Each structure stands twice: as C-alpha cells, then as structure tokens.
1. In terms of the Cα gyration tensor, with a ≥ b ≥ c the square roots of its eigenvalues, is region 13-127 rounded because a/c is under 1.5, prolate because a/b exceeds b/c, or oblate?
2. Using just the helices of the chain, give the 222 nm mean residue ellipticity in deg cm²/dmol: DSSP H runs with n ≥ 4 each add -39,500 (n - 2.57), and the total is spread over all residues, rounded to 500.
3. Does region 10-52 classify as rounded, prolate or oblate by the C-alpha gyration tensor (a ≥ b ≥ c root eigenvalues; a/c under 1.5 gives rounded; else a/b over b/c gives prolate, otherwise oblate)?
4. Determine the gain in length on full extension of the stretch residue 68-residue 17; use 0.36 nm per residue of separation and subtract their C-alpha separation, reporting nm with one decimal.
5. Counting residues in the chain as N, plug N into 2.2 N^0.38 Å and put the Cα Rg over that result.
6. Can you give the FRET efficiency for residue 167 and residue 77, using 1/(1 + (r/R0)^6), R0 = 30 Å, r = Cβ-Cβ distance, to the nearest 0.05?
7. Set the Förster radius R0 to 35 Å, insert the Cβ-Cβ distance between residue 35 and residue 137 as r into 1/(1 + (r/R0)^6), and round the FRET efficiency to 0.05.
8. Note the full-extension length gain between residue 25 and residue 10 as 0.36 nm times their separation in residues minus their Cα-Cα distance, in nm to one decimal.
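Here, each number is a calculation from the coordinates, and none is a lab measurement. Since the model is a prediction, treat every value here as computed from it, not as a measurement. Virtual Cβ from ideal backbone geometry, glycine too; neighbours counted across all protein chains shown.
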C-alpha cells in the first residue's frame, strides 16, 4: 500500500512480479487464511468465533483495511493525535490484537481472559506501530529492510510527527508496561506473551 521498493531487504512483490500478480497474491493469501482457519482443531463454536474475530480485524472500518484507508487519505495532511491513534489501532494494531485474542479463544479462554488478552493486544499493538514509526526515522534502509524515511517523505500521519521521537519512545515503553499489567493475574504463565511484547519495542528493524 505504501508503494515501497523493499520489504525485509528484498524487492517487494509488485517490483519483483508486477502489480497485477502482487494484488492477486494478496487476495489469494487472505482467502487461504480463512481456509486454514476453517480446519482448526478446536470446538466448532470456537472456530466460528475465531473466524469472526479475524474477519473483523482485517476487513472493517476499525480493522486493517479501514486503518489503511485512513492512512492513505491522511497523507500530506497535518496529523492530529486522534487521527494517528485511530490509524495505528486499526491497522497493524488490530492484527496484533486479534492474534493474541484468537490464540486465547483457541485455548478455551473465558470471557474475562478474552478481555485481558484484548487489552494486552491493544496496548502492545499500538506500541509496535509507534516503534515502527520511530525506526523509519532513525534507522537506515540496510538495517530497516525497507526504505527508511518514507513516512516523512510522503508526509504520513505518524506518532513522531505529532509527539517527536523521544516522547514516542517513552509512549511505547509505557504502553508495554500497561500491556504487562493486563496479564498480571496469570503470573509466570504470561512470560511468553511478555517476551513477544518486549521484542516489539526492542527490535531494530
């Protein structure tokens, strides 16, 4: 969607194979995802719930596609805190959140568990995107694996554009602490999720 030439240090799909094949590959991967989900080894009610959660996180106004639309439409406009948070929570944040919640549902989570996992996912997902914005401004293309500085060049609505780099780093760290607090009732059983959250804010690319 950002029309970049690189991802993970390699040519993006539309550069390597052309725009038509890139679009079709994206369509095929999305439909394949729901085919895989339909065969989950868990109670049918849980399978249906997981499919609904993921469809919502991918395709709605508050999901990835809605966030991407806001992101595109906000280019070259002055970003506001409300706009940036809405984009981040709806775009990558929604996918991270639903990954956490769907895993809980698969494992038989109660309604209280789901609420805690949802809060953790929301906090960690927003932290991830804030860090992504910071990395775009502070790491070169070779280390980042994609074209550095592209957010600034296209005047994207980003967290650093509103709050600056240092405040963005503090906000990401604070969000991770809040995410950890949501998992407090689970004690050491939550260490796996916590380690993922730490990686989200400590990564360098």
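1. Oblate, because a/c is 1.5 or more while a/b does not exceed b/c.
2. Result for the chain: -22500 deg cm²/dmol, rounded to the nearest 500.
3. prolate
4. Residue separation times 0.36 nm, minus the Cα-Cα distance, leaves 16.1 nm.
5. The value comes to 1.06.
6. Efficiency for this residue pair is about 0.90.
7. Rounded to the nearest 0.05, the efficiency is 0.35.
8. Answer, rounded to one decimal: 3.7 nm.
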